[in-house]
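For reference, the structure discussed in these notes is given below.
Rule-based calculations on the coordinates, nothing more; no lab input. What you see is a predicted model, and the numbers here were worked out from it, not measured in a lab. Ideal geometry is used to build each Cβ from the backbone, glycine not excepted, and the neighbour counts take in all protein chains shown.
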Amino acid sequence: MRPLGDRLRLEAGYKGDLNVNDYAQRYEVQGEAPFLNDFRYTLQRHAAYGILNYDLGVFGVQVGLRAEQARTEFEQQTLGETYRKDYFSLFPSVFLSFRPVQTHQFRLSYSKRINRPNTWQLNPLSDLDDPLFRRQGNPYLDPEYTHAFEFSYSWISPAATLTLTPYYRYTVDVIRWYESLDPATGITTVTFRNLASRDDWGFETVGTFRLGDRLNAFASVNVFRVTTDGSNVDTDYGSDAIGWNTRLNTTLSVMPGLMLQFSYFYSSPLDVENGRISGRSMADLALRQQFLSNRASLSVRVSDLFNTMRFRVEREDALFYQRFNRSWNAQQVFVTFTYNFGHQNQRRNRRWDENGENGRPEDVEGVFIQQ
């Protein structure tokens, strides 16, 4: 980071990653030879970024550019096949802010993001869990790129903040699951394809509240419309749906050092390509006790408290009608002990988040079939 005068600042950086993942799976069916599914996935990235910040008092401007070279290799060892991709990407970003007074802020932004396919979306060897339902990855998948535009208004006070954000996101090479039926064998095969594009329009409201020193709360509601264009895969393949989701998180200080936290998420039913996904919800409850002058802590967290993280999928085309339920098996109990030695570096690597990987944890339209 380097100041260039009183109001201008330059920031630059480099980041390199090498990830190598080895998987070995073995299926055994009585009376048959074992079935192996071994593969290795390697991702190598080199990225450099530059950001200019210009402070004009009530106005702020930030312009950035990230350049990234990525190399991937998927080696399906059971089949003896290797698939490689080598691609270069640019990720520009622009953030404009206006704060006429301390209690009001306006922000306009644009950023480009990337979402890479997962290993289970790439593996071309189908599983043997169900003889009539095959899950098979596509090693030729491309990453999807999203252009995100947002405008937000924030009202800020010592006890609460309220943020209103209309947004638009345009995604190309959208990764979607694609299902087909072989009438001769009755076998359904689910794989993944890159659809032409996806458009998301939405409006999100976020509120944070501080009630004294003991209770903090966060709540959000997001209403959106999403359309997909899969005409590059099939003539009429696509979707047009309206949905909404909401989040709630509350933290209560029961006594000094003892914190209780409750969180809840709900997402409405949503139409997808040739089908519909039901609504889904999940609640978590956590308790944390600090001791030894806050250097150590013991926490207990119960995820999916009411065992509701499940959903139903209905799909239909000219050849078949399908209805099934899926569950994340998310109901679990976690016990965590933490002890801090010395001074911990809490610096967030936010520059890489702004122009980096993009994911939608609530987007099950292409995730459910991994369960």
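Below, the figures for the structure above:
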| read-out | value |
| --- | --- |
| Net length gained if the chain between residue 81 and residue 289 were fully extended (0.36 nm per residue, minus Cα distance) | 69.8 nm |
| Modelled FRET efficiency - R0 51 Å, residue 156 with residue 333, Cβ distances, 0.05 increments | 0.85 |
| Relative contact order [Cα under 8 Å, 6+ residues apart], segment 40-90, whole percent | 37 |
| Environment charge of residue 167, counting only residues whose C-beta is closer than 12 Å and scoring Lys/Arg +1, Asp/Glu -1 | -1 |
| Equivalent ellipsoid, segment 158-204 (semi-axes from 5 times Cα gyration tensor eigenvalues, Å) | 41, 14, 7 |
| Taking the chain and dividing mean pair separation by its residue count, relative contact order in percent (alpha carbons under 8 Å, at least six apart) | 9 |
| Cα-Cα pairs of segment 133-216 separated by more than 19 Å (percent) | 63 |
| Using distinct alpha-carbon pairs, which all enter the 1/r mean, Kirkwood radius of the chain in Å | 24.1 |
| Contact order relative to length of segment 228-292, as percent, for alpha carbon pairs under 8 angstrom and 6 or more apart | 29 |
| Computed E for residue 26/residue 317 - FRET, C-beta separation, R0 30 angstrom, nearest 0.05 | 0.30 |
| Label-point gap, in nm, between residue 63 and residue 247 - each point 7 angstrom along Cα→Cβ | 3.2 |
| Sequence-distant residues sharing a close amide H with residue 38 (under 5 Å, placed H) | 25, 77, 78 |
| Sparse-neighbourhood loop sites, GluC sites (Glu not before Pro) in segment 31-97 - DSSP loop, at most 13 other Cβ within 10 angstrom | 32 |
| Theoretical gain in end-to-end length, residue 258 to residue 1 [0.36 nm per residue, Cα-Cα removed] | 88.6 nm |
| Prolate/oblate/rounded call for segment 120-260, Cα gyration tensor, a/c under 1.5 rounded | prolate |
| The chain, helix-only ellipticity at 222 nm - DSSP H runs n ≥ 4, -39,500 (n - 2.57), divided by all residues, nearest 500 | -500 deg cm²/dmol |
| Efficiency of FRET between residue 300 and residue 127 - r from beta-carbon atoms, R0 41 angstrom, step 0.05 | 0.70 |
| Summed side-chain charge close to residue 150 - residues other than residue 150 whose Cβ falls under 10 Å, Lys, Arg +1, Asp, Glu -1 | +1 |
| Dipole moment magnitude, nearest 20 debye, the chain about Cα centre, only Lys, Arg, Asp, Glu C-beta charged | 1840 |
| Residue among 138, 294, 53 with the largest mean-square fluctuation in a Gaussian network model of the chain, springs linking Cα atoms under 10 Å | 294 |
| Selected from 134, 214, 301 as most flexible by GNM, with the chain as the system and alpha-carbon contacts under 10 Å | 214 |
